[in-house]
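Since the structure comes first, as C-alpha cells, the remarks are kept for the end.
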Amino acid sequence: MQPGPASISGTVVDPSGAAVGSARVRLRRDDPSVNQEMLSRSDGQFSFTSVDPGSFQLTVSASGFATQALSGTLHQGENYSASPIALTLAPEKTDVQVVVPRVEIAEEQIREEEKQRVLGFLPNFYVSYVPDAAPLTSKQNSSWPGK
C-alpha cells in the first residue's frame, strides 16, 4: 500500500506565546500552480492537507508583526508539524514632514533684507539677493520700508 499525500500544520504565536488568529500563512512550492494560502484560526492553528512531497516554504504574516519564513522538505505520507512560529513585532515607522508656512519664510526674508546696508550704514531696501523669494502677503507688502 502506497502512503497518501502529506500534510503541513502548525501554530502561529506572538512573542509572549499567545495564539495569533487571522495570520496569513502561505505555502509556496517550486511549482507556483500548487501554492496555497490560508488564515490561521483564532487559536493560531493552520493546516494544509493533500500536499505533494518536495521542498516547501511557509511564509507567515500578520498586521503589526514582521513576516516570518520557514522552509523544509516534505516526504510522501508525512504529517509535518512545524514548531510554533513566533512572530516578532514589526518595527514602528513614523514619517514626520515639517512644513514652514510661506508667510513665515517671507517674514524671515524681510528681516534679512532690512539688515542690508550700502556703504555700511545706509539702508538698502531695493536689492534682494534671494532669487526665489517667497511672495509677500498684502500686509507684508504694505509694511515694507522701501515702499
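The table that follows gives values for the structure above.
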| item | result |
| --- | --- |
| Subset of the stretch 86-106 (residues that are in a helix (DSSP H, G or I) and out of contact with any Ser or Thr (no Cβ under 9 Å at 6 or more places or on another chain)) | Glu104, Ile105 |
| Residue in the stretch 75-98 that is of a type in the set (A, V, I, L, M, F, W, C), within 30 Å of Pro135 (Cβ to Cβ) and out of contact with any helix residue (DSSP H, G or I) (no Cβ under 8 Å at 6 or more places or on another chain) present | yes |
| Selection status of Ser16, assigned to a strand (DSSP E or B), without any contact (Cβ under 8 Å) to a residue 60 or more places away in the chain and exposed (fewer than 12 other Cβ atoms within 10 Å of the Cβ) | no |
| Residue list for the stretch 86-105, filter: more than 13 Å from the chain's Cα centre (by Cα) and touching a residue at least 12 places away in the same chain (Cβ under 8 Å) | Ala86, Leu87, Thr88, Arg102, Val103, Ile105 |
| Of all residues making up the stretch 19-58, the number that are touching a residue at least 24 places away in the same chain (Cβ under 8 Å) and out of contact with any Pro (no Cβ under 7 Å at 6 or more places or on another chain) | 25 |
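Every read-out reported here was derived from the displayed coordinates using simple, explicitly stated rules and does not represent laboratory data. Quick caveat: nothing in here was measured; it's all calculated off a predicted structure. Cβ atoms come from the backbone with ideal geometry, glycine included; neighbour counts cover every protein chain shown.
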